[in-house]
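Novice: Mind having a look at this structure? Questions to follow.
Since every read-out is calculated from the coordinates, none of them should be taken as a lab result. Note that the coordinates shown come from a computational prediction; the quantities given were computed from them, not determined experimentally. As a convention, Cβ positions derive from the backbone with ideal geometry for all residues, glycine included, and neighbour counts pool all protein chains shown.
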Amino acid sequence: MSIQPLQGKKIAVLVESQYIASEIAQYRDRFEEAGATVHFLANLYDNAFLQLVSEVEEPGNTPRLLTVTGDVRKAHPEDYAAVIVAANYPSVRLRHFIPPNGPDGRPVPITPDMVRSPPAVQFFGRAMRNPSIIKGALCHGLWLLTPTPELLAGRKVICHDVVLADIANAGGHYTPSDSGVVVDGDLVTGRSVHEVPQFIARIQELLVARAPVDSAPPAEVHETPRPLPGVPPRTASPRSILVVLSNHGYWGEELVGPLEVFEREGYHVEFATPDGRRPVALPPSMDASFIDPPLGRPVTSPEMARAVRKLDDMGPDRPELARLFDTPLNLSALLPERPYFSHPMLVRGLEAYYRERDQALRAFERFDALLLVGGSGPIADMANNQRVHDLILGFLRMDKPIAAECYAVTCLAFARDIEDRRSILRNKHVTGHCLEYDYKDGTGFVGTDFNMGPPPYPLEYILRDATAPEGQYHGNFGKERSVIVDYPFITGRSTPDSTLTGEKLVEVLEQGLRKWGFS
């Protein structure tokens, strides 16, 4: 029986039309001979499959067709041991995007941030930020990284001559090599398609080197303590938290507070937004001189204002955590939209929606908890967002904790199964932005482009109604802190409760906390 050193490993190859047929064949044949499973991924544009054409003339070859069934929008780089960008012009096609329409129905002007939005750019960007994934880019493949130049800055690479100027402008270090292949840690690059055999060999060597050694001496055996009742077992890998942020502005401290707690615990954090664009902090949350109208005093310390500005920074010297904002998970691409009831084929449409929703939610099983960050932005694009609701319901079905702060608690009140339409907060105890802290006309959305006046609803009233008949809303007005734990929910009232919300989420995960903050 032949030895298959890559047995059980999966490899993703990002491809589009104008691929080189012999290159694609070598990926499939050589990796599969070594025991790996190769998935070809492209943007399927809501189709079940895509037929790609090889328009490259090769000796003895006629143009070929490649049927791709893997959708890069729904795939996750963390599922793969290696991610490869095909040579030639697939990277150009994979960078294609369509500008969104504005309120008038016309496409809005293109901005530099839009070039970061294509699914393949986001997919490969996430892979680049994960050192446990081997990355490969051959020939023109590095063009898929130039929209996010910070991912190339300082990396030793080799590429096709046509791409060299763009790589240098992105901060990559062009490194000539007699072999035509350069390895820089977890990144393997090749000069042209002529280097495919060496390119594959270097990737395979890295994958084998990272495989567990079967002949390692047995570890010393210790008696494993029994877990306490109700306490989830601690996993060997760090906890992973999904943080959902509004595209219309989050309140800075309500993100920074929990993040500092998660960082102390060594947790892994990923960000998501409703439309995949980079989230931004609300301007007042970065301004220590801003006077909060209900309280008549500043609510952001100079230290916190600096921390938020650092996280919101888009400059080349920004911290690594801020760079994660560039490619958040796109909920509108990852989760399906429920059809209108006027759909001409409603039954078939609903069947497809439920099937796609359940399949999409499986991709979120890798997260241990969900955090919905507050501020006025969630009112505009999260509170009544069906995809956000489906995400919450998915975490609820998986019996995983869900934390929400300030106005983002509304998402919990409105998340309801379409069959019974009862709030998931029914009979629960929660807190949230109380009436005494609500804004008046013109003061609730300072510094944003959607100043609609006061919040369109009093959150306290919604939460009082949603928790009935046996639950309760706790405003705790006059008390400095208000955080309620009623598993699986952890709710924080407002900005000063941000850090405590994160701490209580940790206690839920590590100590099995189920109720706290109410009698």
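Novice: Using only Cα atoms and rounding to the nearest 10 degrees, what angle (0 to 90) does helix 21-33 make with the longest principal axis of the chain?
Specialist: 80
Novice: Still on this model: Keeping to pairs on different chains or 8 or more places apart, tell me how many lysine pairs in the chain have Cα atoms under 23 Å apart.
Specialist: Close lysine pairs found across the chain: 17.
Novice: Just need the relative contact order of the chain here, percent rounded to a whole number, with Cα pairs under 8 Å and 6+ apart.
Specialist: On the way: 1046 pairs, mean separation 55.8, N = 519.
Over the chain, the number comes to 11 percent.
Novice: For the chain, what does the helix formula give at 222 nm: sum of -39500 (n - 2.57) over DSSP H segments with n ≥ 4, over the residue count, nearest 500 deg cm²/dmol? It would help to have the intermediate numbers written out before the result.
Specialist: Details: 15 runs with 142 residues, N = 519.
Estimated from H runs of four or more residues: -8000 deg cm²/dmol.
Novice: Check VAL13: other-chain or 5+ apart residues with amide H under 5 Å from its amide H, H built from backbone geometry?
Specialist: HIS39, PHE40, LEU41, ILE84
Novice: Could you pull out every residue, at least 5 positions away or on a different chain, whose amide H is within less than 5 Å of the one on ASP184? Hs are placed 1.01 Å off N in the peptide plane, and Pro or chain starts have none.
Specialist: THR189
Novice: In addition: Set Lys and Arg Cβ to +1 and Asp and Glu Cβ to -1, take the dipole of the chain about its Cα centre, and tell me which of GLN198, GLY105, GLY394 lies farthest positive.
Specialist: Of the candidates, GLY394 comes out farthest on the positive side.
Novice: Sorting LEU396, LEU435, LEU463 on the 10 Å Cβ count, fewest up front, what's the list? The partial results should precede the final answer.
Specialist: Details: LEU396 18, LEU435 12, LEU463 28.
Fewest-to-most Cβ neighbours within 10 Å comes out as LEU435, LEU396, LEU463.
Novice: How large is the direction-averaged shadow of the alpha-carbon convex hull of segment 241-391, in nm²?
Specialist: On the way: hull surface 43.0 nm².
Projected area, direction-averaged: 10.7 nm².
Novice: Another question, if that's okay. Rounded to the nearest Å, what's the spacing between the alpha carbon centres of segment 454-507 and segment 328-344? Just the number, please.
Specialist: Rounded to whole Å, the Cα centres lie 29 Å apart.
Novice: Also, I was wondering about something else. For labels at GLU205 and ARG426 in the simple 7 Å Cα→Cβ model, what's the distance in nm?
Specialist: 6.2
Novice: If each of SER332 and GLN51 carries a label point 7 Å out from its Cα toward its Cβ, how far apart are those two points in nm?
Specialist: Once both label points are built, they end up 3.1 nm from each other.
Novice: Further question: List GLU320, GLU16, GLU337, GLU460 from most exposed to least, where exposure is judged by having the fewest other Cβ atoms within 10 Å.
Specialist: In increasing order of surrounding Cβ atoms, one gets GLU320, GLU337, GLU460, GLU16.
Novice: Which value in Å does the Kirkwood hydrodynamic radius of the chain take, with 1/r averaged over all unlike C-alpha pairs and then inverted?
Specialist: Values: mean 1/r = 0.0400 Å⁻¹.
Computed over Cα pairs of the chain, the Kirkwood hydrodynamic radius comes out at 25.0 Å.
Novice: While we're on this one: Rounded to the nearest 10 degrees, what's the angle between the helix 386-397 long axis and the longest principal axis of the chain, both from Cα atoms, 0 to 90?
Specialist: It is inclined by approximately 90 degrees.
Novice: Quick check for me: using +1 on Lys/Arg Cβ and -1 on Asp/Glu Cβ, what's the dipole size of the chain about its Cα centre, in debye to the nearest 20? Don't skip to the answer; put the middle values down first.
Specialist: On the way: 53 positive and 66 negative charges, 113 e Å.
Its charge dipole is roughly 540 debye.
Novice: Okay, moving on. Provide the gained length on full extension for the span GLN472 to ARG355, in nm with one decimal, where the gain is 0.36 nm per separating residue minus the Cα-Cα distance. Don't jump to the answer; show the numbers that get you there.
Specialist: Details: separation 117, 0.36 × 117 = 42.12 nm, distance 3.52 nm.
That pair, GLN472 and ARG355, stretches by 38.6 nm at full extension.
Novice: Right, here's the next one. How do VAL409, VAL121 rank when sorted from fewest to most other Cβ atoms within 10 Å of their own Cβ?
Specialist: Going from sparsest to densest Cβ surroundings: VAL121, VAL409.
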